[in-house]
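Peer 1: Dumping the structure here so I can ask a few things about it.
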Amino acid sequence: MRLNDKVAIITGAASGIGREAAVLFAAEGAAVVAVDVNDAGGRETVDLVKKAGGRAEYVHADVSSSRDCARMVQAAEETFGKLSVLFNNAGIMHARDDDAIATDEDVWDLTMRINLKGVYLGCKHGIPALRRGGGGSIINTASFVALLGAATPQVAYTASKGGVVALTRELAVIHARENIRVNALCPGPLRTELLMKLLDTEEKKQRRLVHIPMGRFGEAKEMARAALFLASDEASYITGANFMADGGITAAYVTPT
Ligand code: NAD
C-alpha cells in the first residue's frame, strides 16, 4: 500500500476531488481526517471510507479560519498520532466571479479568503505538525487557470490560484531541507459540480472542450490519483512542482518560459 502508516488531512473532502482522494488515500493505507464545511457530505465521505474498511474521521472546519485550521491539525494528531500528508484542496468558484469591472469586492474577498488564505492557514498550522512527524507532503490544489487565460472570465478565482502556485513554490524552497515537500496540483476542467454549474449549457461545455487536446473533461478520481502520487514516497524528489493533470491543455497553449 502506497500510504501505509501515513495520516492525511484532506480539505474539501465532502465532494469532488476531496471525496475521491479520501477514499483512495484510505484504501492505500492512510488514516484520513476529512475536512469540510458541508457536514452531511463530509460525514458521507467518512462513511464511504469506513464501509471500504478504511480509517477516517470528519472534522468541521472552515479553511479561511485560523482557529478551525488549528483544530483540524490538532484532530489529526490527537486521533491518529501525527500528520504526514496535508492536502489543501478546498476551494470555491463564485457564480458572480467575472471580469474586473463586474466582479464585486465581496466576491473577490471571499474567493481569496477560501482559495488562497485557506492554503496559507493550512500550511501555517500543518507545517509544525509535519515537522513533529519527521516531514511529509503538502499538496495544494491550484488550477490550469493559474498558468493560462481561461475563456470564461473569473478574475478572483484565477488570481487566487495564481497565488496558490506562487505560495507553493516559495514554501517548497523554504522547507526543502526539512523533508517537507510542497507541490501544486493543477487540474484541468473537470466534470465535477463546481465546473458543471458554470458550464450549464451544451454550448458552453463544447466551447471549453474544443481547447482540451484529450477532448473530454477530467474526472475527480483522476485528480485523486495524481494527488496520491504526490502524497506518496514515490514522489520523494519532487517539490515545488506545478503538477499538471489537465488533458494536455497547457501543453497546447502555454509556452515554457
Ligand atoms: P467541489 O465543489 O466538489 O469540492 C470543493 C469542496 O470544498 C466542497 O465540498 C466544499 O464544501 C468545500 N469547501 C468550500 N469552502 C470551504 C471552506 N471555507 N472550508 C472548508 N471546505 C470548503 O469541487 P472540486 O472540483 O472537487 O474542487 C476541489 C478543488 O479543485 C478546488 O480547489 C477547485 O478550485 C479545484 N479545481 C477544480 C476544477 C474543476 O474543474 N472542478 C479545476 C481546477 C481546479
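Peer 1: Restricting attention to the stretch 46-64, does a residue exist that is of a type in the set (D, E, K, R), near the ligand (Cβ under 10 Å from one of its atoms) and outside any strand (DSSP E or B)?
Peer 2: yes
Peer 1: Residue by residue through the stretch 140-163, note down the ones that are within 11 Å of the ligand (Cβ to nearest atom) and either among the aromatic types (Phe, Trp, Tyr) or in contact with a Phe, Trp or Tyr (Cβ under 6 Å, 6 or more places away or on another chain) (or both).
Peer 2: PHE144, TYR157
Peer 1: Okay, next question. Within the stretch 23-39, which residues are within 11 Å of the ligand (Cβ to nearest atom), crowded, with 24+ Cβ neighbours inside 10 Å and hydrophobic (A, V, I, L, M, F, W, C)?
Peer 2: ALA34, VAL35 - these are the residues of the stretch 23-39 that are within 11 Å of the ligand (Cβ to nearest atom), crowded, with 24+ Cβ neighbours inside 10 Å and hydrophobic (A, V, I, L, M, F, W, C).
Peer 1: Additional query: Of (1) closer than 26 Å to ALA30 by Cα; (2) in contact (Cβ under 8 Å) with a residue 60 or more places away in the chain; (3) aliphatic (A, V, I, L, M), VAL182 satisfies all except one. Which?
Peer 2: Condition (2) is where VAL182 drops out.
Peer 1: Taking the condition out of contact with any strand residue (DSSP E or B) (no Cβ under 9 Å at 6 or more places or on another chain), crowded, with 18+ Cβ neighbours inside 10 Å, touching a residue at least 12 places away in the same chain (Cβ under 8 Å) and aliphatic (A, V, I, L, M), does MET93 pass?
Peer 2: yes
Peer 1: Hey, among ALA227, ALA166, which residue is within 13 Å of the ligand (Cβ to nearest atom) and in a helix (DSSP H, G or I)?
Peer 2: ALA227
Peer 1: May I pose another question? Name the single residue, out of those in the stretch 182-197 being assigned to a loop (DSSP other than H, G, I, E, B) and crowded, with 18+ Cβ neighbours inside 10 Å, that is farthest from the ligand (Cβ to nearest atom). Give the derivation first.
Peer 2: Of the stretch 182-197, the ones assigned to a loop (DSSP other than H, G, I, E, B) are 188-189, 191-192, 197.
Next, only the ones that are crowded, with 18+ Cβ neighbours inside 10 Å stay: 188-189, 192.
Details: GLY188: 7, PRO189: 5, THR192: 4 Å.
It comes out as GLY188.
Bear in mind that the values in this text are calculations on the coordinates, not laboratory data. These numbers were taken from a predicted model, which means no experiment stands behind them. So basically every Cβ, Gly included, is an ideal-geometry build from the backbone, and we count neighbours across all protein chains shown.
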